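The values are calculated or read from the model by the stated rules, or taken from the named source; none is laboratory data. Quantities reported herein were computed from a predicted structural model and do not represent experimental measurements. A quick note on method: Cβ atoms are made from the backbone with ideal geometry, for glycine too, and the neighbour counts reach across all protein chains shown. Side chains are part of the model used for accessible areas, which takes the heavy atoms of the whole protein and leaves out ligands, DNA and RNA. Shrake-Rupley method; radii C 1.70, N 1.55, O 1.52, S 1.80 Å.
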Amino acid sequence: MVEMRPSMIGETLYRIQQLDSEISSLRLRIDSLPGKHRLEETERERQSAEENLSALEKELHELELKQDKLDGELEILSEKIATEENKLVSGTVMNPKELSAIQAEILYLRRKRDEMETEDLIMLDEIDNLKEKVMEEKARLESAKERERLAKESYKKELAELEQKIASIQRERDDLKEELGDPELVETYEKLLKDKGGIAVVKMEGGRNCGGCRIEFTRTQIDRFQHEEGIFRCEYCRRILVK
Ligand SMILES: [Zn+2]
């Protein structure tokens with residue numbers, strides 16, 4: 001491997017740093033993608049529609065059972081009324097007192113049947129209303145699912161684009177690391193990158209300040225930096241300074 005000129009080492013390190021900074025800003029963008037927020041919102045809408053639908057279906061089912069039971073009771077009552085009416089017309093009961101008691105019983109049972117039939121009609125009406133609500137909620141759920149599907153699709157696309165970009169920058173960065181041909185220097189760089197909040201390589205600012213910690217260098221340090229061929233590091237923050 002051809003050894004890199006010392007002046008190139010600084011430039012390459014600086015370029016590697018720029019690429020790593022780009023990668024971390026792309027990662028931040030991934031975390032705050034608007035599509036992610038939209039997707040979470042549609043997931044909540046779909047869940048709430050599912051919960052509403054299941055509550056309505058439960059209510060409908062219970063009411064249908066209740067109405068079914070009432071229908072059964074009505075049938076029994078009607079049979080009872082028919083039996084009593086039969087007693088009146090069959091001529092088996094002759095006693096006037098007994099006859100009027102049967103008539104009173106029939107009146108009472110008919111009134112009861114009227115009440116129950118009214119209740120039944122109200123219930124049937126409620127069932128119709130609930131069925132309509134269930135239909136509406138089903139439609140709402142379907143459209144929520146569709147919105148969720150679209151949001152998922154567009155988020156995946158946004159994400160894939162950024163991840164592709166990151167992967168290509170990583171490749172460029174790794175190639176440059178190879179070109180440096182100095183695993184130890186790469187290791188130092190990586191450790192600094194981790195320890196120093198993502199900034200390992202900086203330039204001198206205003207000709208006398210460290211671009212990382214802003215400390216002002218002495219004349220001697222600046223002279224050394226300008227004439228040094230190898231890697232120069234800030235004595236205070238330990239970052240790599242390049243020209
Ligand atoms: Zn510094």
*Can you tell me which residue in the range 14-55 is surrounded by the fewest Cβ atoms within 10 Å (Cβ to Cβ), limited to those that are among the hydroxyl-bearing types (S, T, Y) and over 13 Å from the mean Cα position of the chain (by Cα)?*
S32
*State yes or no: is D125 closer than 30 Å to K165 by Cβ, exposed (fewer than 12 other Cβ atoms within 10 Å of the Cβ) and free of Cβ contacts under 8 Å to residues at least 12 places away in the same chain?*
no
*Cβ-Cβ under 8 Å pairs, at least 6 apart or on other chains, the range 208-227 side at positive phi and free of Cβ contacts under 8 Å to residues at least 40 places away in the same chain, far side within 12 Å of the ligand (Cβ to nearest atom) and open to solvent by 50 Å² or more (accessible area, probe 1.4 Å)*: R214/E205
*Can you spot a residue in the range 171-182 that is within 16 Å of the ligand (Cβ to nearest atom), open to solvent by 50 Å² or more (accessible area, probe 1.4 Å) and out of contact with any Leu (no Cβ under 8 Å at 6 or more places or on another chain)?*
no
_First in the range 147-170 and under 28 Å from Q47 (Cβ atoms), second anywhere and surrounded by fewer than 15 Cβ atoms within 10 Å (Cβ to Cβ) and of a type in the set (D, E, K, R), Cβ under 7 Å, 6 or more apart_ = L162/R29
*Does any residue of the range 214-222 turn out to be of a type in the set (F, W, Y) and within 15 Å of the ligand (Cβ to nearest atom)?*
yes
*Of the numbered conditions (1) open to solvent by less than 50 Å² (accessible area, probe 1.4 Å); (2) among the hydroxyl-bearing types (S, T, Y); (3) within 15 Å of the ligand (Cβ to nearest atom), Y155 satisfies every one except a single condition; which is it?*
(3)
*From the list K97, K69, K112, which residue is surrounded by 12 or more Cβ atoms within 10 Å (Cβ to Cβ) and without any contact (Cβ under 8 Å) to a residue 60 or more places away in the chain?*
K112
_Residue that is surrounded by the fewest Cβ atoms within 10 Å (Cβ to Cβ), among those in the range 128-144 that are of a type in the set (A, V, I, L, M, F, W, C) and either in contact with a strand residue (DSSP E or B) (Cβ under 9 Å, 6 or more places away or on another chain) or touching a residue at least 40 places away in the same chain (Cβ under 8 Å) (or both)_ = V134
*Look through V201, V186 and report the one residue that is open to solvent by less than 80 Å² (accessible area, probe 1.4 Å), more than 15 Å from the ligand (Cβ to nearest atom) and at pLDDT 95 or above.*
V186
*How many of the residues making up the range 223-233 are more than 10 Å from the ligand (Cβ to nearest atom), surrounded by 12 or more Cβ atoms within 10 Å (Cβ to Cβ) and under 19 Å from Q17 (Cα atoms)?*
2
_All positions within the range 189-198 that are within 19 Å of R27 (Cβ to Cβ) and either surrounded by 11 or more Cβ atoms within 10 Å (Cβ to Cβ) or hydrophobic (A, V, I, L, M, F, W, C) (or both)_ = Y189, E190, L192, L193, D195, K196, G198
*What are the residues in the range 234-243 that are open to solvent by 70 Å² or more (accessible area, probe 1.4 Å) and either more than 10 Å from the ligand (Cβ to nearest atom) or not acidic (D, E) (or both), if any?*
Y236, R238, K243
*Sort out which residues of the range 184-243 are polar (S, T, N, Q) and either over 18 Å from E11 (Cα atoms) or not in a helix (DSSP H, G or I) (or both), and write them in order of number.*
N209, T218, T220, Q221
*Looking at the range 103-110, is at least one residue hydroxyl-bearing (S, T, Y) and not in a helix (DSSP H, G or I)?*
no
